Each structure stands twice: as C-alpha cells, then as structure tokens.
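S.K.: The structure follows.
The values are calculated or read from the model by the stated rules, or taken from the named source; none is laboratory data. Worth saying up front: this structure is predicted, and the values here are computed from it rather than measured. Note that we place each Cβ from the backbone using ideal geometry, even for glycine, and neighbour counts take in every protein chain shown. Note: accessible area is taken over every heavy atom of the protein model, side chains too, but ligands, DNA and RNA are not part of it. Shrake-Rupley method; radii C 1.70, N 1.55, O 1.52, S 1.80 Å.
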Amino acid sequence: MKRFSIVLMMLACVAMAAFGSGSSESASSDGVVEIEFFSLKPEAVDCYQELVDEFNAANPDINVTLTSTADAQTVFLTRVATNTVPECCYVFFNATYEEFFREGLFIDLTDDPLLDLVQPSIAEMAEVDGRNYSIPVTLSPSGIYYNKDMFAEHGWTMPDTYEGLIALCQEMEAAGIQPFAFSDKDAHTIGQQAERLINGNINVDVISKFEAVGAGETSWTKEPEMRELAEMLLELREYGPADNLGMSHEQAIADFVNGKVAMIISGTWAATTINQANVTFDYEMLPFPSYDGRPVYLSTCPDTCYAISASASPEKQEASRRFLEFLLSSEALGKWLQTDLSPNMAVEADYNVECFSVINDMLSEGAMVMLPSVLQPAGFRVDWQVAVQQLFIDHDIDAFLAKSDELTVDYYN
Amino acid sequence: MLGKSVKNREKYITYALYIIPGFVLYLCLFVTPLILGIYYSTFDWNGFSKKRDFIGLGNYIDALTDDRFTSAILFNLRYSILLIISIIVISMVLALLLNKDLKARGFIRSVYFFPAVVSMLTASLIFNEIYFRAIPAVGDLLGIAALQKSVLSSPSTAIYGILFVHVWQGVAIPTVLFLAGLQTIPGEILESSLIDGASKWQQFWKITIPYLLPVVSVVLVLVLRDGLMVFDYIVGLTDGGPGGATTSIVMLVYRQGFEEMKFSFAIAEALMISVVLIAVSAFQMIVINRKSIED
C-alpha cells in the first residue's frame, strides 16, 4: 500500500508545512534529555539499536530513541518538509542534503571537536561552501568485484588497463565462463556505474564539462567523454548476460556468489549483501582499470554522515554531541564495522577489511574524486540513468548524446 | 404536530453528532491538505526551503508540456484499460464457475484467493525470479525465442509483465463481489426464463449482466483507481524501466517530489491526476447507473 503512504505523506507534508511544528522541547521533568536518532540505513537497525541501548545504559541523563524505517529517505524528507527534523541524524552527502545544509537545517560543526574524530581528508570532502555541517565517517567507492578462487584456478589476474580487461573477458568466454553480470534492470545501479566511470576513469574533471554543456558553451557531441562512456558501457555489455536488462542487483549478486560469473561492477555497499548470500565466498574489489592510459581515481563521496538539527534546543544539541562522540569511539566503531564494511575514516576505527585493502590504500593516498551527482543539480542522475538504460536498449550513441545534452542544459538552468 | 417536529429535530441532532467526528477528520485530513495543496502548487518550491516564489499556474503549464508527464499519463491510461478488461472478465468468469455446484468448491474458493494475501513486494520478488530465470529456462528448453528473455527487459512487453502480476493478485476481491452479486439473482427469474426457452447466453446477457451492473460499477471504480495509481508493482518489478517505459504517474510524482525535490511541481501533477480520476469515475458511474437493473 505504498501508494497510499505517498499520498498520505504528501498530504501530511502539505498540512504540517502550513501548521508548522518544531522539535525544540527541552529536558523532561525528571531531568533526562530525550533525543531522537534518525537512521537512513535500515539494514543497520540491529547494530544501531544495540549501540543506542549501550549508550542509554551508560548515560542515565540522556535517553536516545532510534527511528529506523524501511523507506527511511522518504520519511526523512517528509520530516524535513514538515519542519520536524530529528535532533540527531544519519544523513547522506548529495545535492539534496547539501541544500539542507545551506538552508541551515543542521548546525555548523566546522569548529566542533567532533570533527577531529574523523580524518581531515574526509572532513574536507564533506565541506559545503567551506563549512562542515555533518560529520562524515565512511566512503563508498566502487570497482570490480572478482571471484578470487575462480581467478586463482585459471591463473588470471586483474589487468591494469581497460584493453587488458577486454582481453581477459575474451579469455574467460573462451574458457566457457561469463565474465560479468550487469544488473541493468535496476536503473539506479546503471547510474552509479556510469557516473563513477566517467569521472574516475574517463575525466577526473568531468564536472567542469557538465557545467560548460549546461551553460551552452559546448555539447556532448563535441566533448569526447560522454561518447567514450557510451562506447565503454556498450562494449562491456558484450561480456555480460544476454538479458542484462532483465537482471536485478540481487540476481547479479546471486550469480556472482554462485560462481556463474567471474566479476561484477559495484560499490563497497554490495559487500554486506555478498557476505549474507554466501559466507564462505572469497572475493576482492579492485579499482576499474585505466582507460586509454589515463590515471585512475576512485569516484566517491562521504556515505555515512551524522548531523545535528539546528532547531533542537541547546540541551538536546549537547546530548546529540555526546551520542555522536560515543558512535565515533573505538568500541562503537568496532561494532559498526561488523555491519558496514565500507572504508571507514573515523580516527578511532580499526579498519582492516581485507577485500577492500587495495581500495583503502588508494583512498589513504588521496586517489579519489568527488562523485558528480553530489555536485550536480538534485535529480539529474535519476533522469540521466534512464537515458543510459535507453542506450542499452537501442545502442544509439547519437541519441544518447542528444538526450544527455538536453538533460544537462535542462538541469543546469 | 409540535411533538413530531421536536422528535425530528432530536433525530437530526443525533445524526449530526454521529457525522461530526468523521466530518471533522475528513475536513482536517483531506479537505484542508487539498486546499493547501492547491495553494502550494502555485509556487516554485522544493519542499523545505524558506524561500518560495509565486508562479501562479506555472507548474500546471510546465507539467502539461513535460514529456515525462504526458508519457506517464498515456502509460497509466493504457495500463488502466488493460487492467479493467482483464480483471472484470477474469473475475466474472471465476465467479460464474465458483457459483456452480462444483466438487471441491470450498478448496477452489480458498486457492483462488491465495494471491490476494501475498504482499505486493513478495509477489514482485517471486515474479522477478519467474520472469528472469524460470520462463527463459523453459524458452531455452523448447527453443522458443520469445520466451528466452525476461518480459520485463523490453519496453514493449514490460507493461504486460507488470499487468500479469497485478491481475494475478487483483482478481480475488472482484470475484468475491461478483459472487455476491450472482447470489442476489432470484432463482425464479432464471427458472422462468428457462421455461420461456431462453438459451444460456440469453440468460447471461439479459438477466445476469443487468443484475451484476451495480457490482461492475463498483469494481470498475476500484480497478480504475488501482490502474491510475499503480506504484508498488512497478517499483518491485521494473522501477519504471526499461528506458522509462513503465513510469506511472504516481511514480513520477514520487520521484519529482522526493528525489528531484520539485515539491510544488509534484503537487500540481498529483492534483491534475485527481481531477482526471474524479471526472472519469463520475462519468462511468453515471453511465452504468443509467443502465443498471433499476432502470
């Protein structure tokens, strides 16, 4: 009955936006400060509940209540629209959330000691107009997951170049193994893959090209990046399933862990699902190889971030600070790392996830670049990924370039 | 005379007291948001910003000239027509069969209702596997090219994949309604028609259908609403793809409101759809009521 929920949420948003509502209640009569911690990560509900219980037990003057719903993002946006932002929030870092920060919905943490609990590189990444409104903790780069046992059995190694990858795919096919599984039924996975390749492998400064195309100074038919991306994506599909547009993300992962395919392209977030699907499966993620001799960057953005509501009372803001301090302690991070394997940039984190060791080294060396969708107008990628999916249907690169031009101009103006 | 008037007044007060709670709730939860929705739809607003610019009918004009909106409307109309025809025909046939003295009628009545108790998400997950793995495996085995790919992977066939799951789940309630309608037909009328020499077809067309028209009217409204507001099945099966071919209006409103943060624009689209929904429902109810058994 999700459609009814949408209608009700839209109605609730409209009604509450008009009547207004705040979350500025102070401590309860018994002196205990009540705060709500809103999580946008439903899969981490058990971990967060355990941490909340632990914190509440150790801090009798504060009572944290966890809110974690299945459709957390929609609920959170509804809370924002109705001016009932929870005191302490798990937030993302993308164009929409950047707008929230600019609107002053969350407090400025630039000079807050909380920011010292994460590495400066990620703190710098999470700046909005030179200020920090959230505490970024993890990063979510993507790359190629490969089946280590299968590679070892055939004596294969992951090539450093794109040409080498294509040659390896041909070798796999000759050995009767399907190289890739592509979950092209799920448009959002196409969008994730396409934006990371065009930025991390084709042109590290592609965002300036988007801006130039958006300003009408040039077009994607004149600039090479979009065509190169289209050609690369289509060539890779030759080594994927015949029915790539019928395959979902879960089905791609199932084929990968069951040894039906050798590789999948996905982000660090897929590791938890892979582990749940097959606990004994041995795999590793490596960066997508160099395209045409160009340097390789991990296109990423802060993933797990924490923020404190600006509309909360000073008392509740202070209680939220204490709770976040706890979440960033080595003890809490140890538990968190059992739930989320993504590269963790908290100072106290003892990050030692073997399948991401190469990726983590690259991040530590600074070989990363901000994800385009964080810097693009909100909603651009949602529309653009449909155009990429259409490319897989008709293989018409010129039509794809024209559509990309149209969307870029549309969203940047 | 005076006593009767006082009694009437008391009666009306009692009626009013019963109506007031529901009326107040309706006023607060539906009428007020509707009015506020109309108000907010006249702004250029992202749903959270303190700043909003009044643009009058700008959102409505933009929506009407937006390709995505028009293609979503066309998708919904096509989908609704197919859904209405499929559900009414199948559920009526099922009801006619279940109304007969079949052996194991009780068992069949339980089995046909089973899909209705499965959650939409579960149904979508089941059919994702059937479409992607089971049917292509059969296609490979029999060498039938049309079955070798998922029905959801082509823009021209994906709508039928969604429709099938929707019909599979959606026939249960209309079948119950038709079954109830069939049981209101007086046995003596059917017997008289047989004595008068009416064929089975004439019986169905001249007696059964007129008696079922009020039920058809109810089912039509329910299924039309389902068709115009389809969302869950699409999210579970195609996410609006491939290439946006199955993006419905509700899905578009959701995306524009909650992903693209065009909140006022999404409200304007939702209001336009409400008007269409009300107009179509009113029209078909008037038409069917004119043809019903009371006439």
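S.K.: List the helices (runs of 4 or more DSSP H) that sit entirely inside region B:84-201 and contain at least 2 residues that are small (Gly, Ala, Ser), more than 29 Å from B:LEU237 (Cα to Cα) and open to solvent by less than 60 Å² (accessible area, probe 1.4 Å).
M.R.: In region B:84-201, the matching helices (runs of 4 or more DSSP H) lie at B:172-182, B:187-195.
S.K.: Take the residues of region B:207-242 that are more than 30 Å from A:LYS185 (Cα to Cα) and of a type in the set (S, T, N, Q): which is nearest to the other protein chains (Cβ to nearest Cβ)?
M.R.: The extreme case among them is B:SER217.
S.K.: Further, regarding this structure: Has region A:368-376 got at least one residue that is open to solvent by less than 40 Å² (accessible area, probe 1.4 Å), out of contact with any helix residue (DSSP H, G or I) (no Cβ under 9 Å at 6 or more places or on another chain) and in contact (Cβ under 8 Å) with a residue 12 or more places away in the chain?
M.R.: Scanning region A:368-376, I find no residue that is open to solvent by less than 40 Å² (accessible area, probe 1.4 Å), out of contact with any helix residue (DSSP H, G or I) (no Cβ under 9 Å at 6 or more places or on another chain) and in contact (Cβ under 8 Å) with a residue 12 or more places away in the chain, so the answer is no.
S.K.: Turning to a different aspect of this structure: Of all residues in region B:63-76, count the ones that are in a helix (DSSP H, G or I) and open to solvent by 80 Å² or more (accessible area, probe 1.4 Å).
M.R.: Residues meeting the conditions: 3.
S.K.: Here is a follow-up. Need the failing condition index for A:LYS403 against (1) among the charged types (D, E, K, R); (2) at pLDDT below 90; (3) open to solvent by 30 Å² or more (accessible area, probe 1.4 Å), just the number.
M.R.: Evaluating A:LYS403 over (1) among the charged types (D, E, K, R); (2) at pLDDT below 90; (3) open to solvent by 30 Å² or more (accessible area, probe 1.4 Å) leaves (2) as the failure.
S.K.: Search region B:256-272 for residues being part of a helix (DSSP H, G or I) and open to solvent by 30 Å² or more (accessible area, probe 1.4 Å), and hand back the single one that is farthest from B:PHE30 (Cα to Cα).
M.R.: Checked region B:256-272; the qualifying residue farthest from B:PHE30 (Cα to Cα) is B:GLU259.
S.K.: Ok, one more. Which residue, of A:LEU139, A:LEU117, is open to solvent by less than 40 Å² (accessible area, probe 1.4 Å), aliphatic (A, V, I, L, M) and modelled with pLDDT of 90 or more?
M.R.: After applying the criteria, what remains is A:LEU139.
S.K.: May I ask you to list the residues in region A:166-184 that are open to solvent by less than 10 Å² (accessible area, probe 1.4 Å) and within 14 Å of chain B (Cβ to nearest Cβ)?
M.R.: The answer is A:ALA181, A:PHE182, A:ASP184.
S.K.: Continuing with this model, one more query. Of all residues in region A:315-348, which are part of a loop (DSSP other than H, G, I, E, B), touching a residue at least 24 places away in the same chain (Cβ under 8 Å) and surrounded by 14 or more Cβ atoms within 10 Å (Cβ to Cβ)?
M.R.: Scanning region A:315-348 gives A:LEU328, A:THR339, A:ASP340, A:LEU341, A:SER342, A:PRO343, A:MET345, A:GLU348.
S.K.: While we're on this one: So, in region A:211-245, exactly how many residues are more than 25 Å from A:LEU168 (Cβ to Cβ) and within 24 Å of the chain's Cα centre (by Cα)?
M.R.: Final tally of qualifying residues: 2.
S.K.: So A:HIS249 passes all but one of these: (1) out of contact with any Ser or Thr (no Cβ under 6 Å at 6 or more places or on another chain); (2) surrounded by fewer than 21 Cβ atoms within 10 Å (Cβ to Cβ); (3) under 27 Å from A:GLN276 (Cα atoms). Which condition number does it fail?
M.R.: Checking A:HIS249 against (1) out of contact with any Ser or Thr (no Cβ under 6 Å at 6 or more places or on another chain); (2) surrounded by fewer than 21 Cβ atoms within 10 Å (Cβ to Cβ); (3) under 27 Å from A:GLN276 (Cα atoms), the one that fails is (1).
S.K.: For the list (1) at pLDDT below 95; (2) more than 30 Å from A:VAL206 (Cβ to Cβ); (3) in contact with a Cys (Cβ under 8 Å, 6 or more places away or on another chain); (4) not hydroxyl-bearing (Ser, Thr, Tyr), I need the number of the one condition that A:ILE308 fails.
M.R.: Exception for A:ILE308: condition (1).
S.K.: Looking at this structure, is A:THR272 β-branched (Val, Ile, Thr) and either assigned to a helix (DSSP H, G or I) or on the phi > 0 side of the Ramachandran plot (or both)?
M.R.: So A:THR272 passes the test.
S.K.: Now, a different point. Please state which one of B:SER49, B:SER80 is at pLDDT 90 or above, among the small types (Gly, Ala, Ser) and either open to solvent by less than 20 Å² (accessible area, probe 1.4 Å) or assigned to a helix (DSSP H, G or I) (or both).
M.R.: After applying the criteria, what remains is B:SER80.
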